[in-house]
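What follows is one structure encoded as structure tokens, with my remarks underneath.
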Amino acid sequence: MMPIRDVVIFPYMMTPFVVGRESSVRALEEAMAGDKKIFLATQHDASIDEPKPNEIYNVGTVVNIVQSLKLPDGNIKVLVEGVERAKVVSVSDEEGFFRAVVRTVSYKVETGAQLDALVSRVTNLFEQYVKLSQNLNYETMIAAVRVDDPGKLADTVGANLQLTIEEKQDLLEIFDPIDRLTRVAEMLDIEIEKLNVDRTIQGRVKRQMEKAQKEYYLNEKIKAIQKELGRGEKSEIDELKKRIETAGMTKDALEKAMAELKRLENMPPMSAESTVSRNYLDWLLAVPWKKRSKEIRDLKFAEGVLESDHYGLEKIKERILEFLAVRRLVKNPKGSILCFVGPPGVGKTSLGMSIAKATGRKFVRLSLGGVRDEAEVRGHRRTYIGALPGQIIQMMKKAGTRNPVFMLDEVDKMSTDFRGDPSSALLEVLDPEQNYMFMDHYLDVEYDLSQVFFIATANVLHTIPPALQDRMEVIRLSGYTEYEKLEIAKRFLVRKQMEQTGLTAKQVEFTDAGITGLIQFYTREAGVRNLEREIGNICRKTARKVVNHDSSPAKNKPELPSEVLTAEKLPDLLGPAKFRDLQTDKKNEVGAAVGLAWTEVGGQILTTEATLMEGKGKLTVTGKLGDVMQESAQAAMSYIRSRAHQFGLPRDFYRNLDVHLHIPEGAIPKDGPSAGITIATTICSALTRIAVRGDVAMTGEITLRGKVLPIGGLKEKLMAAHRHGIFEAIMPADNQKDLPDIPENIRNVMKLHFVENMDEVLKIALDGEITALPMPTGVEVGTQPAGETRAH
């Protein structure tokens, strides 16, 4: 017996190995001298040179020594062939080498379908294994396993598997061929799975290595080309680091930028993640952290700029000059947040540009009309593909300074949907107590907006959430008077349109009467957009005349006379008047009164009509009126019925009459309580058959007791009356506080009546006195307010 290490010999296998130990050499020589048979058993621990019998496995293989060759160093190289497995019964080492008594076992295997299937399975699995393994020769191995004996098949396959010594020894110790073959099948399944995983990993690693090598090669080539072009070897990372250090970022932003730069440095240059990191750093560097515009704090200069750009708007100019005065006195004041509210075309956006010019700041404008996504304000998180900062940060980048004038246009036209509420996101931006640490989702660092001068613009306030209104200083811009429009046209619009059409002062001249005609008969608006359009229309027609005259072939042609625009020429140039002058319509009519209304685009006059029919006391209201306005009509009717005697009407007048109240234009929705006194006057006129004065406009809410309550939008309403040529107006006494807001030229021209009850209204509005019926004895009208004068 000879102990062997690091190898397990299977029956039927030819195995070469070198023998060097003295005891092993002696055992080999003894065997060679006899029948050339020797028992080989593997020792437990290969590092032990002289193992004891209990340090050697009990099961080994009886082999024939086929060949032995003595080597020059004294070792012997032998080739052995396994014959059969055997188990040690006893071992002795008295002669200087091991001699063992062993027991061999022979199994008779019964052939059958089950065995054939198992043999076939093992053969097929081994074929797969050999194909996947790169260490075995396919033809040799397949030839070796083509045997009928299941025991020999199991031993041949087991000997050629890449197994550990312990696993091979376990296989050797299974004497039953069927059990051994089953175990081999299980081992083959496991080994094939391992080889498949190895192959997949190797393929992936190989592809990645090829890609990395390609990228490395191309990057090195780019560096070499750039070096050859003389662009220097300074790496992009170093350049970014220098820019970050000099950007003037806050401490948090600097730490975040440096951490991102470190990540970028460790990434492959061509990876998708590196592009995301690079874009993020570019945005951090693009936003202004310390650059500021040097402010102009000269009040005289600012006043001059504002006067030259806009006519009127005194309140706003005062507010801006106050703001500049504060900035001269306070070194680091907080940014202002103004909100200009007014109808279209009154100059809200252009005023923002003038403020920027007057203060020497950059101007940026963000239109919020139709914006419905909160990410438009705050940006997207960087985890999304194609993420970008919000519009606030984008506009700050565009401005390039920390203290621009930032206009938020159409702030009343934002909407909400499932993506969020942008008006709520603006709360942080427009709050001076919070916006010094504005957090954009993309940048994910605090950014200071406290130096920004925010200006919001809106046509109406009621669509702006109350929390947002609370953060802004609201300044109202009402419509322009005719006189203001005339001045604006002379100073700005005519010059602008002449420049755009290439005309000179010699070729066209606008008279005051001509511009006033344009304002009265061709435009009806609070702003000046349509007026500018009509002036442009006249300029284009004049330009065509000039070109036709210049291109005519006649010699010594006379010079084209200047086109002087007078009121008489307007119909020839622009066609018939689009709006009638209501001065010709100011007839006194029964059952028709002139009311005043407020709209988003300024004030309007509202004619109210009433007619009587035979019926049963029904009040019909038409003209697309809202609930509040319909209730006002009911209140007015109840007031008149309760005062029937004072108005010269029988107490049961309504039993046989239906009253129909109509307010044109029928397609336009109308609502609000301010038409109360107009409706009452109209119904009273229709019932008493006394005409209402056509040159008087009125507005006010009515109560059941005939009190006149205050209303809103007085300035716009009076300007509408003035625009339509009505110079007398009735309004609630409580609205006297609004008189300072009315332009002085309108106050001077118009006759204003401030009233407290309906009796006063009817005295002024009706073209005649109401004769009261004699009061029946013993009847007291309970609705007569205390201290109120009876109607005549």
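The values are calculated or read from the model by the stated rules, or taken from the named source; none is laboratory data. Values in this document were obtained by computation on a predicted structure and should not be read as measured data. Glycine gets a Cβ as well: all are built from the backbone with ideal geometry, and neighbour counts include every protein chain shown. Keep in mind that these areas ignore ligands, DNA and RNA; they rest on the heavy atoms of the full protein, side chains included. Shrake-Rupley method; radii C 1.70, N 1.55, O 1.52, S 1.80 Å.
Determine if the range 402-409 includes at least one residue that is open to solvent by less than 10 Å² (accessible area, probe 1.4 Å), acidic (D, E) and not in a helix (DSSP H, G or I). Yes: the range 402-409 contains one or more residues that are open to solvent by less than 10 Å² (accessible area, probe 1.4 Å), acidic (D, E) and not in a helix (DSSP H, G or I). Taking the criterion of being open to solvent by 10 Å² or more (accessible area, probe 1.4 Å), farther than 20 Å from V341 by Cα and part of a helix (DSSP H, G or I), the only residue of the range 424-433 that qualifies is E428. The sole residue among E95, E139 that is open to solvent by 80 Å² or more (accessible area, probe 1.4 Å), modelled with pLDDT under 80 and farther than 30 Å from R199 by Cα is E95. Before we move on, is M414 in contact (Cβ under 8 Å) with a residue 40 or more places away in the chain and open to solvent by 10 Å² or more (accessible area, probe 1.4 Å)? When the stated conditions are applied, M414 passes them. Highlighted here are the helices (runs of 4 or more DSSP H) found entirely within the range 672-791 that include at least 3 residues which are open to solvent by 10 Å² or more (accessible area, probe 1.4 Å) and modelled with pLDDT under 95: 714-723, 744-749, 758-765.
Residues of the range 363-382 that are at pLDDT 85 or above, part of a loop (DSSP other than H, G, I, E, B) and open to solvent by 70 Å² or more (accessible area, probe 1.4 Å): H380, R381. Counting only helices (runs of 4 or more DSSP H) that fall entirely inside the range 434-524 and contain at least 3 residues that are open to solvent by less than 70 Å² (accessible area, probe 1.4 Å) and under 23 Å from S415 (Cα atoms), the qualifying elements are 466-470.
Filtering the range 557-575 to residues that are surrounded by fewer than 12 Cβ atoms within 10 Å (Cβ to Cβ) and either in contact with a Cys (Cβ under 9 Å, 6 or more places away or on another chain) or within 10 Å of Y522 (Cβ to Cβ) (or both) leaves only G575. If you scan the range 98-123, which residues turn out to be farther than 12 Å from P150 by Cβ, among the polar types (S, T, N, Q) and not in a loop (DSSP other than H, G, I, E, B)? If the condition is that a residue be farther than 12 Å from P150 by Cβ, among the polar types (S, T, N, Q) and not in a loop (DSSP other than H, G, I, E, B), then T104 is the only one that fits.
Considered as a group, the residues in the range 645-662 that are part of a loop (DSSP other than H, G, I, E, B) and without any contact (Cβ under 8 Å) to a residue 60 or more places away in the chain include one that is least open to solvent (accessible area, probe 1.4 Å), and that residue is D652.
The rows are residues; the columns are (1) of a type in the set (S, T, Y); (2) over 24 Å from I4 (Cβ atoms).
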site	(1), (2)
V157	no, no
T182	yes, yes
I190	no, yes
I222	no, yes
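Among the residues of the range 398-417, just one is closer than 30 Å to M249 by Cα and hydroxyl-bearing (S, T, Y), namely T401.
Residues of the range 297-355 that are more than 20 Å from D470 (Cα to Cα), touching a Phe, Trp or Tyr at 6+ places or on another chain (Cβ under 6 Å) and of a type in the set (S, T, Y): none at all. The residue that is nearest to the chain's Cα centre (by Cα), among those in the range 142-174 that are open to solvent by less than 10 Å² (accessible area, probe 1.4 Å) and of a type in the set (G, A, S), is G158. Beta carbons closer than 6 Å, at least 6 apart along the sequence or on distinct chains, pair a first residue in the range 257-274 that is open to solvent by 100 Å² or more (accessible area, probe 1.4 Å) with a second that is of a type in the set (D, E) for M270/E215. I'd like to check something: does the range 212-235 contain any residue that is open to solvent by less than 80 Å² (accessible area, probe 1.4 Å), in contact with a Leu (Cβ under 9 Å, 6 or more places away or on another chain), in a helix (DSSP H, G or I) and on the phi < 0 side of the Ramachandran plot? No, the range 212-235 contains no residue that is open to solvent by less than 80 Å² (accessible area, probe 1.4 Å), in contact with a Leu (Cβ under 9 Å, 6 or more places away or on another chain), in a helix (DSSP H, G or I) and on the phi < 0 side of the Ramachandran plot.
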